[in-house]
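Colleague: Once you've had a glance at the structure underneath, I'll fire off some questions.
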Amino acid sequence: MRQSQLFTKTRKEAPKDEVAISAQLLTRAGFVHKDLAGAYTYLPLGQRVLDKIVSVIREEMVAIGGQEVTLSILQDPELWKKTDRWDDARLDVWFKSKLKNDQDVGLATTNEESIAAMMTDHIDSYRDLPRYVFQIQKKFRNELRARSGLLRAREFLMKDLYSFSKNDAELDIFYEQAKDAYHEIFRRVGLDDDTFLTFASGGTFSKYSHEFQTVCPAGEDTIYLSRAKNIAINKEVYTDQVLTELGLKKSELEEVSAIEVGNIFKLGTKYSEPLGLTFLDEQGKRRPVVMGSYGIGPGRVMATVVEKFHDEHGMIWPESIAPFRVHLLALKMDDREVKSQADELSATLQQKGIETLYDDRDVSAGTKFAEADLIGIPWRVVVSAKTLTKKKVEVKHRMTGQTEDLTPAAWLKRLSA
């Protein structure tokens, strides 16, 4: 990608109405465009990051047996009435509308009802279980406060997986597999060091649910963390009884702010019973299917990475989800020798399949350096009249800040190692 062809532009100043650092930097760097409070357009650089996060999530869900579908965003009120979640007094984040025939319709805030109803056509016998179905789809939530950028949006992408099991024991086995898959997702996107399994309220159908909380000053949640045991407790269930059950002491816990980047729930038969999702067991007796729910917001993960990895100059992307791996800067494109070597290096990188943003614009060196730091691509490589005299290129690693001069061949060898 030649930067001269990229239609998005950077900004020097952060938008005044953005509070979250991630929203400020993503907007300044041209990754997202704010349409209205809680609703964002992903621009080319942001879309590349989002696609990579989605790819990681999809791979890990498929690895534990998930099968991908795409459910309708439009929701039938009758299904939600059966579980007593259509009334705004029960679920207060609905976006509702009416069809031309005056029939009520909702925009999906989550999909337990619709997927349980759908699976009544596909599950009838114990031989049909277990099944694991997921989607990566838009959700809509009428949040009262949508002022933290992608961390709390009204329209957002969500990966929601639903498990369908014969009994609690079968659910428990998959639930542990899902925990492991979530840890692997956060490892791959660069958040594993500060993301902890967190005990939270299970609501009316389970003793606990589990959140995955990333320690961060920008977080809206308060958790009590045991780094030694690698677990945490959400403030909402922080009681002496819970501490005793988990074998924890207050003296070993650290109170921190955190961002919830994922959650998993044991749903039991809360949705299957009212929606008629049952199966015939080995004895020919009809039983309700036991369900679980597992969610991750890719956009929130993206914003959390920015909250964790940035400095005063801009964002610092982990290589696994960076929009490009290399940012190639040619200083003074009107210098034929500089242009020739930069073009040649760009072609070599393309031939090797190394994703590269090539800054071929006719702008000052200062502008190129500042924008490269703001965008935060892992490797910055500079070709200039100065580097040509040394027969080398200047290489900077954004995460470590280390800068050195290397021959193109030596640097390419390191990059391919």
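The values are calculated or read from the model by the stated rules, or taken from the named source; none is laboratory data. Keep in mind it's a predicted model, so treat the numbers as computed, not measured. Note that we place each Cβ from the backbone using ideal geometry, even for glycine, and neighbour counts take in every protein chain shown.
Colleague: Would a scan of segment 399-411 turn up a residue that is modelled with pLDDT of 95 or more, surrounded by 13 or more Cβ atoms within 10 Å (Cβ to Cβ), aromatic (Phe, Trp, Tyr) and not in a loop (DSSP other than H, G, I, E, B)?
Modeller: no
Colleague: Then there is this: Hey, can you tell me all the residues within segment 371-417 that are at positive phi and without any contact (Cβ under 8 Å) to a residue 40 or more places away in the chain?
Modeller: LYS391, GLY401
Colleague: Could I ask something else about it? Which one of these does ASP343 not meet: (1) modelled with pLDDT of 95 or more; (2) more than 18 Å from MET1 (Cα to Cα); (3) over 30 Å from the mean Cα position of the chain (by Cα); (4) surrounded by fewer than 18 Cβ atoms within 10 Å (Cβ to Cβ)?
Modeller: Evaluating ASP343 over (1) modelled with pLDDT of 95 or more; (2) more than 18 Å from MET1 (Cα to Cα); (3) over 30 Å from the mean Cα position of the chain (by Cα); (4) surrounded by fewer than 18 Cβ atoms within 10 Å (Cβ to Cβ) leaves (2) as the failure.
Colleague: Exactly one condition in (1) without any contact (Cβ under 8 Å) to a residue 24 or more places away in the chain; (2) more than 30 Å from PRO378 (Cβ to Cβ) is not met by GLY292; state its number.
Modeller: (1)
Colleague: Of the residues that sit in segment 88-122 and are of a type in the set (D, E, K, R), surrounded by fewer than 13 Cβ atoms within 10 Å (Cβ to Cβ) and at pLDDT 95 or above, which one is farthest from PHE265 (Cα to Cα)?
Modeller: So, considering only residues that are of a type in the set (D, E, K, R), surrounded by fewer than 13 Cβ atoms within 10 Å (Cβ to Cβ) and at pLDDT 95 or above, the one farthest from PHE265 (Cα to Cα) is LYS100.
Colleague: I would also like to ask the following. Among all residue pairs at least 6 apart or on different chains, which show Cβ distances below 6 Å where the first residue, located in segment 102-128, is without any contact (Cβ under 8 Å) to a residue 24 or more places away in the chain and the second is of a type in the set (Lys, Arg)?
Modeller: So the pair list comes out empty.
Colleague: Go over the candidates GLU319, GLU273, GLU337 one by one and state the one that is touching a residue at least 12 places away in the same chain (Cβ under 8 Å), touching a Pro at 6+ places or on another chain (Cβ under 7 Å), within 27 Å of VAL382 (Cα to Cα) and of a type in the set (Asp, Glu).
Modeller: Going through GLU319, GLU273, GLU337 in turn, just one is touching a residue at least 12 places away in the same chain (Cβ under 8 Å), touching a Pro at 6+ places or on another chain (Cβ under 7 Å), within 27 Å of VAL382 (Cα to Cα) and of a type in the set (Asp, Glu): GLU319.
Colleague: Scanning segment 79-113 for residues that are among the β-branched types (Val, Ile, Thr) and touching a helix residue (DSSP H, G or I) at 6+ places or on another chain (Cβ under 9 Å), which turns out nearest to SER163 (Cα to Cα)?
Modeller: Checking each candidate, the answer is THR83.
Colleague: Also, I was wondering about something else. Please state which of the following conditions TYR132 fails to meet, knowing it meets all the rest: (1) without any contact (Cβ under 8 Å) to a residue 12 or more places away in the chain; (2) under 30 Å from ILE53 (Cα atoms).
Modeller: Here TYR132 meets the rest and fails (1).
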